[in-house]
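Trainee: Below are the structure tokens for one structure; questions will follow.
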Amino acid sequence: MTVVDLPPGEDIRDELAARVRAASASQTPLRIVGGDTKRGYGREVVAEGLAVHGHRGVLRYDPAELILTARCGTRLAEVEALLARHGQRLPFEPPSFGPAATVGGMVAAGLAGPARAARGPVRDYVLGTTLLAGDGRILRFGGEGMKNVAGYDVSRLLAGSLGVLGVILEVSLKVLPVPAGTSTLRRRIDAADAVALLADTTQRGLPLSASFWHAGELTVRLEGADAALAAVAPAVGGEPLAPAAARDFWHDVREQRHPFFTAARSLWRLTLPATAAAQVVRDVPQSAFEWNGAQVWLADAGSSAATTLARAYAGDATLFRRPVVDATTDVGEVFPSLPPALLELHRAVKRVFDPAGILNPGRMYADL
């Protein structure tokens, strides 16, 4: 196995474990803090901070095996720069929302960027984790291979758990090579025709890796061999963007710096059947969609309007950005409500990993 020579970083797991054990014994709630760039996602946690950004460093990276293992406090930008030097990347394009974003926060938030519909979610690339449980235990799940997981895959359960089950100390990730070529096309088209075009493109197996529609304009990205891209581009249509402009555009969508996002005071994310996207954006002018229509964004919509729309199309609505300046103001539940039996299952799982309920209490749901 050829492993890239890496600097040692810093290991503070013992200090973190001692802090968590003391907090558990005293019933003191803790808010897990990495880069804190995604604090606005989920409900606000009012608790003492447990800073994990000092637990940092890439432990192992094997470009030949496409596997990287890093401590939770390692900056996401450092990991992406390391991968780029070897022609590889995190295929789900996780948003950072700031330069201090960490690997642990990336997994805990479970957010994926423009490539999500084509490449899959964060959890699909989590091979193994080391977890600091709420009672101070250090637990290891999974490993550094695709076939060494027996029983329930707890590592993937942690992706998107927002720290309510424990502190992700280390994570092993599957990475992928950067495509040989990429092409971004843009065209004027209404929402209904855009959804139909994207569905046809996907069904035909064309190498579509990202899409974004807003205000009558559809932008799509194709990835693959240059010759293949040239052959399929006419089937998609539109004018090509220059490479630098395309790179900036997808980065702005990923980091929510596109004008649609920056103009929004509050932001709702609707997860819907792709065919519903055109109807929703017709009803709500301040809207956009990506993931071929499966993810719809509503700017400055009220809670009632967002949840009613989601239910009407058998989808879910999440308050992604709070509509208030003061982040400590309670805005109620921000994630889709759960049936009582499913919510109790969530509580039971939390009790297993965090018996005293001290880690990020209420981050997902008020009583979880």
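Trainee: Specify which of the listed residues (V220, V175, V236, V253) is more than 26 Å from M106 (Cβ to Cβ), touching a residue at least 12 places away in the same chain (Cβ under 8 Å) and either under 25 Å from the mean Cα position of the chain (by Cα) or buried (at least 18 other Cβ atoms within 10 Å of the Cβ) (or both).
Mentor: One residue alone meets the criteria, V236.
Trainee: Go through segment 198-208 and count every residue that is crowded, with 21+ Cβ neighbours inside 10 Å and either farther than 20 Å from P121 by Cα or hydroxyl-bearing (S, T, Y) (or both).
Mentor: Looking only at that region, the number is 0.
Trainee: Filter segment 307-320 down to the residues that are within 21 Å of the chain's Cα centre (by Cα) and buried (at least 18 other Cβ atoms within 10 Å of the Cβ), then identify the one that is farthest from G113 (Cα to Cα).
Mentor: Across segment 307-320, the extreme among qualifying residues is A310.
Trainee: Next question, about the same structure. Across segment 248-302, what is the total count of residues that are in a helix (DSSP H, G or I), out of contact with any Ser or Thr (no Cβ under 6 Å at 6 or more places or on another chain) and of a type outside the set (S, T, Y)?
Mentor: Count: 20.
Trainee: Same structure, new question: Within the group R265, R269, which residue is surrounded by 15 or more Cβ atoms within 10 Å (Cβ to Cβ) and basic (K, R)? Give the derivation first.
Mentor: Values: R265 fails: surrounded by 15 or more Cβ atoms within 10 Å (Cβ to Cβ).
Of the residues listed, the single one that is surrounded by 15 or more Cβ atoms within 10 Å (Cβ to Cβ) and basic (K, R) is R269.
Trainee: Taking the residues in segment 44-58 that are assigned to a loop (DSSP other than H, G, I, E, B), out of contact with any Leu (no Cβ under 7 Å at 6 or more places or on another chain) and not β-branched (V, I, T) as candidates, determine which candidate is surrounded by the most Cβ atoms within 10 Å (Cβ to Cβ). Show your work before the answer.
Mentor: Step one: list which residues in segment 44-58 are assigned to a loop (DSSP other than H, G, I, E, B), which gives 44-47, 52-55, 57.
Applying the additional criterion that residues be out of contact with any Leu (no Cβ under 7 Å at 6 or more places or on another chain) yields 44-46, 53-54, 57.
Next, only the ones that are not β-branched (V, I, T) stay: 44, 53-54, 57.
On the way: E44: 18, H53: 20, G54: 15, G57: 17.
Per the stated criteria, the residue is H53.
Trainee: For S161, state whether it is modelled with pLDDT of 95 or more and either among the hydrophobic types (A, V, I, L, M, F, W, C) or within 16 Å of the chain's Cα centre (by Cα) (or both).
Mentor: Here the answer is yes, as S161 does meet what is asked.
Trainee: Sort out which residues of segment 86-114 are under 18 Å from F261 (Cα atoms) and touching a helix residue (DSSP H, G or I) at 6+ places or on another chain (Cβ under 6 Å), and write them in order of number.
Mentor: Hits for segment 86-114 are E93, P94, P95, S96, A112, G113, P114.
The values are calculated or read from the model by the stated rules, or taken from the named source; none is laboratory data. Note that the structure is a prediction, hence the values are computed from the model and not measured. Virtual Cβ from ideal backbone geometry, glycine too; neighbours counted across all protein chains shown.
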